[in-house]
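Structure first, commentary second.
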Amino acid sequence: MQSNLNQCLSFTELREGLYQCRRNDAGNWTGGRIGVGKLIGTMRGISAPVLVEWLGSKAIVDADVMKALSQQAARDIAISRYWRPLWCDRLLSGVDLMMFDYGFNAGVYGALACLADVVGYDHNPGQMTAPLLDLSDRISDADLVKRIDDDWTRALQRQLRVSDDGVIGPVTLRAVHASGVRGLLTIFALATRQEQAYRQMSDFRTSGRGWLVRLNDRVNMAVVMGRKAIGAAA
């Protein structure tokens with residue numbers, strides 16, 4: 001939802017932090033690979049290759065330019081490269097955060113691939129499309145339930161304050177509907193798929209713990225946002 005833009009940006013900013021320039025981080029090199037191009041670091045989650053592309057020239061980008069990247073400039077980049085391509089302004093409250101923050105962290109293509117897997121979209125989702133968005137709005141509870149693994153089912157049940165037995169049956173579904181949170185099952189289905197994607201990444205051994213903490217925070221905030229949307233619509 002467009003009204004959630006600032007909240008989503010703030011969530012991501014808090015987890016990305018400010019400047020860092022680790023030599024073993026490919027995102028800190030202008031060439032996008034360790035040792036390729038100039039080592040200029042990352043600021044506010046904006047990587048060296050992204051800043052080069054944004055400014056249009058490697059020649060004008062150095063560590064000082066990166067360090068000087070303002071919050072507003074970083075937000076402009078995030079909106080242009082992640083929020084708009086993922087059509088977050090058209091997603092349900094909470095689902096928008098799940099897509100935006102994961103897209104910022106793992107790429108737009110990765111975020112779309114997770115959504116496509118969740119809703120059973122068979123085409124290669126190189127970009128958000130009306131059919132993919134429509135399918136994400138129409139997918140049945142029965143199909144979404146199949147996409148949520150045992151651990152995230154228990155997390156959902158704890159959110160709903162029902163027995164966390166890891167099985168989504170009539171009691172859990174009644175609690176889902178009683179919560180009034182549209183997209184609640186989608187949030188937890190995306191969490192399942194995003195965790196699977198994280199675990200398949202080559203850097204999971206070194207960065208995975210932080211990614212999973214961020215994912216857990218993302219889900220918790222997405223649920224809060226979904227609940228707030230109920231009051232806003234009342």
key: Residue that is surrounded by the fewest Cβ atoms within 10 Å (Cβ to Cβ) [pool: residues in region 118-137 that are farther than 21 Å from residue 93 by Cβ and without any contact (Cβ under 8 Å) to a residue 12 or more places away in the chain]   = 122
Residues (small (Gly, Ala, Ser), surrounded by fewer than 18 Cβ atoms within 10 Å (Cβ to Cβ) and at pLDDT 95 or above) located in region 202-222 = 208, 210
request  = Inspect region 53-65 for any residue being β-branched (Val, Ile, Thr), in a helix (DSSP H, G or I), in contact (Cβ under 8 Å) with a residue 12 or more places away in the chain and farther than 18 Å from residue 105 by Cα and give the result as yes or no.
outcome  = yes
ask   = Does at least one position in region 138-151 carry a residue that is surrounded by 12 or more Cβ atoms within 10 Å (Cβ to Cβ), modelled with pLDDT of 95 or more and touching an Asp or Glu at 6+ places or on another chain (Cβ under 7 Å)?
value = no
task = Determine which member of the set 69, 92 is at pLDDT 95 or above, assigned to a loop (DSSP other than H, G, I, E, B) and touching a Gly at 6+ places or on another chain (Cβ under 8 Å).
result = 92
query = Among (1) in a loop (DSSP other than H, G, I, E, B); (2) exposed (fewer than 13 other Cβ atoms within 10 Å of the Cβ); (3) modelled with pLDDT of 95 or more, which single condition is residue 199 missing?
reply = (1)
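The values are calculated or read from the model by the stated rules, or taken from the named source; none is laboratory data. This structure is a prediction, so every number in the text was calculated from the model and none was measured. Methodologically, a virtual Cβ is constructed for each residue, glycine included, from the backbone with ideal geometry; neighbour enumeration extends over all protein chains shown.
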